[in-house]
Amino acid sequence: MEVKKDILWRIYLAFLLICVMGLAIIVQIVRIQFVQGDEWRAKQDSMTLSFEPIEASRGNIFSDDGSLLATSVPIYDIRFDTRATAVTDEVFNAGVDSLAQALAALFKDKSWQDYHHEIKEARAERNRYYLLQRNVSFSELQQLKKFPILRMGRNKGGLIVDEKNMRQLSFGHLASRTIGTVRDIKPVGVEASFNSDLQGVGGQRLMQRISGNVKMPVRDKDEVEPRDGNDLMTTLDINIQDVAEHSLEQHLREHNADHGCAVLMEVSTGAIKAIANLSRNKDGDYVENFNYAIAEASEPGSTFKLASLMAAFEDGLVDLNDSINVGNGTSVYFGKKMEDAHPPKSPKLSVQQAFESSSNVGISRVIYQRYLKNPEAFISRLKSFGLSEKLGLQIEGEGQPFIKSVTDKSWSGLSLPWISIGYESKLTPLQTLTFYNAVANNGRMVRPMFVSKVLNHGKVIREFSTQVIRDSIASPQVLAKAHTMLEGVVQHGTASMLNKSPYKIAGKTGTAQIFNNKYGYDKEHMTYQASFVGYFPADKPKYSCIVVVYAPSNDVYYGGAVAAPIFKEIADKVYSNHLDMNESPSHTDSLILSNPLVKAGQQKDLHKVLGKLNLSAASENPDAYWVSVDSRADQMKANERKTIVGLVPNVVGMGLKDALYLLENAGLNVQINGKGWVTRQSIQAGTKIRRGQQIQIELS
Amino acid sequence: MQATWLDKYFKGDRTIWLIVFILSIFSLLAVYSSTGTLAYKFKSGNTEYYLMKHLSILVLGLGLMYAAHAIKYTYYSRFSTIALILSLPLLILTLVNGTNLNEASRWITLPGMNITFQTSDFAKLALIMFVARMLSKKQDEIKSFKSAFLPIVLPVLGVCALILPANFSTAAVLFISCCFLMFIGRINMKYILGLGGIAIICFGLFVVTMLAIGKTGRIDTWKARIERFTSDDNQDNYQTDQAKIAIAGGGLFGRFPGNSKARNYLPHPYSDFIYAIIVEEYGLIGGILIIFLYIWLFFRVIRFIHHSPMAFGTLLAIGCAFSLVFQAMINMAVAVNLFPVTGQPLPMLSMGGTSIWFTSISIGVVLSVSRQVEKEKKEGGQELAAA
């Protein structure tokens, strides 16, 4: 019992200790709450802690081969703390003249006296956040950091740099309207439609205000890490896009046209390979500022005649060789005269001839006679081609197509003949193209596609496959007739200038008179829309293309003369770029015989690898460290690649490891896109290096 | 009696069960309120994730407690030796290749189960049980240095030394708990005081050697923490300032559950500083209630121990209860800035699986002793009635 008592008093002692600790804690809480309470509560109020959003880096947009179309680059707003610690009167007065001169020389927007005056004034006002310049580039910032006063740095010299992101289109205005933007009042294009993919998820960081406008992160890591936006792989081919845009611009200028567009589409997939939209601005320059191809629905004109005749073929009402009386090329419907652009070759034409020569009278008579009793049949046939429905594009802003119904209030006796030649209806260029594409694709109508993949750090997270709108718009017989007519247009019709091509083109010209809001269809003030739509190679269609030029104000306004040449320039480029179109017989043989393609790299590695493969390469200079390999000849040749200190090295053809090694050793900040070997470097080899400068390399 | 099923299944001191239940509810509420930042950081704002995770940890903890209380406490005597032997290689393994959290390797991942596991919690419980066992066994020659003090103190020093490099505060709290347990178990006071002196000297030497060989490990953190505590430089004292702001903001009745402001600014509001959040949300009243609950728990243990005939039972229950309540006091003392910042969780309240589970088990052990005491009392009573 003694033992138990002995243990018990010790336990009570422990209990007492615990109680004392508990009491001490309570006393301390009371002290904090009631004695120092006001102080701490005040501290909470004055604590300028806030969660600051962190912008997620926006995804890139790539062309079909992985070239960078749109990316975000940092730009900076530069401010000056005129009362920074080391900016004493002495320092300021000694440096302000040269600082103003340096700023004026760099930005060239104000005279140095203006800079001088404003900076002095800012200091007099004790401005600690004076805006020196907005939207300064990285390289300008590097120079700025060397300027008098500012070169003392953030705390001493008062240089405040606020980073922002700016969207940059790598290829200037190429397809800029289709790539789009979200910064405009009305966001457009891929950027807008895929914004939720591109923008990523912003993060948050707990920041504490230290002094003035300077905030410091409270913890090392962000509270919520931003998640980078996804990248988009578009279907655009930048080379063809380039040709489309330049060719379009050149011809628009030549014809002094108001605006125009050109779209190239892959027949089987609906992939849009190029889409150019240009319009004349006040200064007379042509710029991309509206996506006509997608958004502008207008009367299609003669290109619509294909749909009219296909309707009649499908209903079995007419055939290619049926003859039509066109007389002298004029016809009067209910007192309204319809004229052919050129007088017909003979008063009687076959249906095919009428189509090839784009005879308004011929086509309208066929349709008028055959469908007079039952115009609904004609309209419903047109609608069965999918012409009255929106395509449902990946990009928003598609124009609403319009095929007039018989029940429409404005339907009149004139409607049937005029609809048959492409009036009283509305289609966007892309809708017309999609219809022609379906004809080329053996009746299968596919949805035009702009974006093929959504990627996250190179990993495909979503892939868009070709979507079929209509499995078959017409029977095979009708399609065969359509093909014959479209080929005929080029062979001996209104587009015969396209006949001299190494590959066959099929298509249709179109010339529409544009209803003018002020003058109607008045001759004096007539504006025209010249177009050409078709596909090539005609016997095995791979691409379809439409070119529309609006209101060419010079005399020549026919589709064949204005739009067809642009079509040809684009088609020629595609033809020369895509070897698969002109089948080369020795294609497979050459692969087996030729030497392997070898990456550029270190010479000793090269010889080691080739040795293992029982191959060899002749060295230009056996002592050279870096070489590139020419595999074209029978005997491979290793050519020296000189690297000169201070100049950007040539890394094209190298693997990533070697390229990174060389560029980073040279003091460059490397941004990598794609994988494989380097196909492009953003700064040309041999350019003088500025340390820390950014270089982008693309691999594929 | 009304609640016969309670009698049947929940043996031992019913009040302790109640205290644990109240603490669990506080734990659930406070953790849910304070994991907002964590949820935004890792679970894209899905705050229910941590609520459900914590709830399942608590439920499992209660299950472990139930299981532990159902085992007759004398088994723990034998079990303690095995557990202690098992804990040594585990501690070494943790030191060598543990998961690095806050630069301290305190965790190992159990193979196959993918659960991170704080080995020191296991070793702590094993050691307390072992010391209780040894003390009760050696009661006859308890004042002896060689046959009582040494066999007890050597395992204590061994385990503490293995925990020390990764987690100073756990080692220190455990060491102090063991010293108290030895004191209660009637070990000669001279030896215990001497041991305390030696421990301080050893620790000093350890720090000096580590600094000398340049492998500072956690020492930088300790140094910084102690410096911060002793100096008045509030600029660096972010954690404790935030904790004080939280406490001051609570006032008498608190901001009410879920309205904490400091949780966004206070690091680890769900573990190390959960007490500050509780005071902020439930006020001084809530803060006192929590302290009272721990003291009450200890008091209940002392109460049933009065009737305990066995030295081992007494020492086992007191050992478990004391180390738990002592750690709780240390945690709260840190939260109110009476003590330099340590990494001790608040038992039964802080988020964290291992801590809650081993706390649950140790309460289960306490309940097991209490169950036995009640049983013997009842049998004694029956005998008395029969006589």
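Things worth noting here:
- Residue count, segment A:172-205 (criterion: in contact (Cβ under 8 Å) with a residue 40 or more places away in the chain and part of a loop (DSSP other than H, G, I, E, B)): 8
- Residues in segment A:608-653 that are part of a strand (DSSP E or B) and hydroxyl-bearing (Ser, Thr, Tyr): A:Ser619, A:Ser628.
- Here A:Asn441 fulfils each of the conditions (1) closer than 24 Å to A:Asp340 by Cβ; (2) surrounded by 20 or more Cβ atoms within 10 Å (Cβ to Cβ) apart from (1).
- When segment B:277-310 is limited to residues that are assigned to a helix (DSSP H, G or I) and of a type in the set (Ser, Thr, Tyr), the one that is farthest from the other protein chains (Cβ to nearest Cβ) turns out to be B:Tyr282.
- Criterion violated by A:Phe51 - all others in (1) closer than 30 Å to A:Gln168 by Cβ; (2) away from chain B (no Cβ under 11 Å); (3) surrounded by 13 or more Cβ atoms within 10 Å (Cβ to Cβ); (4) at pLDDT below 85 satisfied: (2)
- A:Ala86 more than 10 Å from chain B (Cβ to nearest Cβ) and either over 53 Å from the mean Cα position of the chain (by Cα) or not polar (S, T, N, Q) (or both): yes
- The helices (runs of 4 or more DSSP H) found wholly in segment A:375-455 and carrying at least 3 residues that are of a type in the set (D, E, K, R) and modelled with pLDDT under 95 occupy A:375-384.
- When the residues of segment A:628-650 are filtered to those that are surrounded by 13 or more Cβ atoms within 10 Å (Cβ to Cβ) and over 36 Å from the mean Cα position of the chain (by Cα), the one that is nearest to A:Leu663 (Cα to Cα) is A:Lys642.
- Sole exception among (1) farther than 24 Å from B:Tyr75 by Cβ; (2) in a helix (DSSP H, G or I) for B:Phe256, by number: (2)
- Residue in segment B:188-207 that is within 28 Å of B:Ser362 (Cβ to Cβ), modelled with pLDDT of 80 or more, part of a loop (DSSP other than H, G, I, E, B) and not hydroxyl-bearing (Ser, Thr, Tyr) present: yes
- Single match in A:Gly329, A:Gly386, A:Gly316 (criterion: farther than 22 Å from A:Val478 by Cβ and surrounded by fewer than 24 Cβ atoms within 10 Å (Cβ to Cβ)): A:Gly329
- Test result for A:Asp658, modelled with pLDDT of 75 or more and out of contact with any strand residue (DSSP E or B) (no Cβ under 6 Å at 6 or more places or on another chain): no
- Those residues of segment B:151-202 which are within 14 Å of chain A (Cβ to nearest Cβ) and in contact with a Phe, Trp or Tyr (Cβ under 9 Å, 6 or more places away or on another chain), in sequence order: B:Val173, B:Ile176, B:Ser177, B:Phe180, B:Leu181, B:Met182, B:Ile184, B:Ile187, B:Asn188, B:Met189, B:Ile192
- For A:Ile419, the conditions (1) buried (at least 21 other Cβ atoms within 10 Å of the Cβ); (2) more than 20 Å from A:Gln513 (Cβ to Cβ) all hold with the exception of (2).
- Odd one out for A:Thr85 among (1) surrounded by 15 or more Cβ atoms within 10 Å (Cβ to Cβ); (2) in contact with a Lys or Arg (Cβ under 8 Å, 6 or more places away or on another chain); (3) under 25 Å from A:Glu140 (Cα atoms): (1)
- Residue within segment B:278-298 that is free of Cβ contacts under 8 Å to residues at least 60 places away in the same chain and under 30 Å from B:Glu141 (Cα atoms) present: yes
- Restricting A:Arg58, A:Arg41 to those that are within 14 Å of chain B (Cβ to nearest Cβ) and either at pLDDT 85 or above or surrounded by 15 or more Cβ atoms within 10 Å (Cβ to Cβ) (or both) reduces the list to A:Arg41.
- Residues of segment A:353-375 classified as under 16 Å from A:Asn325 (Cβ atoms) and under 40 Å from the mean Cα position of the chain (by Cα), total: 5
- Sub-9 Å Cβ pairs linking a first residue in segment B:248-269 that is more than 7 Å from every other protein chain (Cβ to nearest Cβ) to a second residue that is part of a loop (DSSP other than H, G, I, E, B) and β-branched (Val, Ile, Thr), at least 6 apart or interchain, are B:Arg263/B:Thr35; B:Pro269/B:Thr35, ordered by first then second residue.
- Condition met for A:Glu698 (assigned to a helix (DSSP H, G or I) and either among the polar types (S, T, N, Q) or under 26 Å from A:Gln168 (Cα atoms) (or both)): no
Yes/no per residue for (1) away from chain A (no Cβ under 14 Å); (2) modelled with pLDDT of 90 or more:
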position	(1), (2)
B:Arg14	yes, no
B:Asn46	no, no
B:Leu55	yes, yes
B:Tyr66	yes, yes
B:Phe79	yes, yes
B:Ala83	yes, yes
B:Leu95	yes, no
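- Single unsatisfied condition, A:Val73 versus (1) touching a helix residue (DSSP H, G or I) at 6+ places or on another chain (Cβ under 8 Å); (2) modelled with pLDDT of 85 or more; (3) more than 30 Å from B:Glu280 (Cα to Cα): (2)
- Here the condition is being closer than 26 Å to B:Ile274 by Cβ, within 14 Å of chain A (Cβ to nearest Cβ), in contact (Cβ under 8 Å) with a residue 40 or more places away in the chain and not β-branched (Val, Ile, Thr); of B:Gly313, B:Gly353, B:Gly319, B:Gly343, it holds for B:Gly319 alone.
The values are calculated or read from the model by the stated rules, or taken from the named source; none is laboratory data. From a predicted model like this one, the values you see are computed outputs, not experimental measurements. Note that each Cβ is placed from the backbone with ideal geometry, even for glycine, and that neighbours are counted across all protein chains shown.
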